Amino acid sequence: MTPIKKQAASDSAQYCVIAAPFGGLGILTELVDGSLMLSRIEYLPATAALVSPKNQLAKEAEKQFKAYFQNPHHPFDLPLKPSGTNHQKRVWSNIQTIPVGKTKTYGEIASQIKSGPRAVGTACGANPYPLIAPCHRVVSAQGIGGFMKEDAPGLYRQIKLWLLKHEGAL
């Protein structure tokens, strides 16, 4: 992990919004037990107002995300705030083993971790670290599947399609 210096208490929780080819990325950093960690990444529409990163970790996250947008094989090395249930952690860990340009079905992951496809889908929808735990690489047996819970205007589905195309999986 990239070492991040301890931050002042005023930097304990900071939110920024950076531009992404499909819209925006909201990045929340937080001081956890004296260490600055990434606590959430959110996909946002292109209409989201940009907010410059203020702390060292947010600036590093922006740098790594921009590198990924240029090269989908760029690895992420960011400290993540521990999050999720044991089941969610197993799903997210499994998802991180899916290579760039490849996909797995919800059923394949469920079989590997001794779970059910719907439970895998629910864990994907609760993923606080999309891109880092690339839930966009998880598809249904019949097609692309949902993404981050269904949304009426289709923003998340469009982001999933963009990411899969960017990685060469479509």
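In region 43-52, what residues are without any contact (Cβ under 8 Å) to a residue 40 or more places away in the chain and part of a strand (DSSP E or B)?
Within region 43-52, LEU44, VAL51 meet the criteria.
If you take the residues in region 67-80 that are assigned to a helix (DSSP H, G or I) and without any contact (Cβ under 8 Å) to a residue 40 or more places away in the chain, which one is surrounded by the fewest Cβ atoms within 10 Å (Cβ to Cβ)?
The extreme case among them is GLN70.
Regarding region 88-96, can at least one residue be identified that is of a type in the set (D, E, K, R), over 13 Å from the mean Cα position of the chain (by Cα) and either farther than 13 Å from HIS136 by Cα or surrounded by 14 or more Cβ atoms within 10 Å (Cβ to Cβ) (or both)?
yes
Looking at (1) over 18 Å from HIS166 (Cα atoms); (2) in a loop (DSSP other than H, G, I, E, B); (3) out of contact with any Pro (no Cβ under 8 Å at 6 or more places or on another chain), find the lone condition where SER83 falls short.
(3)
No lab work stands behind these numbers, since they all come straight from the coordinates. What you are looking at is a predicted structure, and each value in this text was computed from that prediction instead of being measured. Positions of Cβ are backbone-derived with ideal geometry, glycine not excepted, and every protein chain shown enters the neighbour counts.
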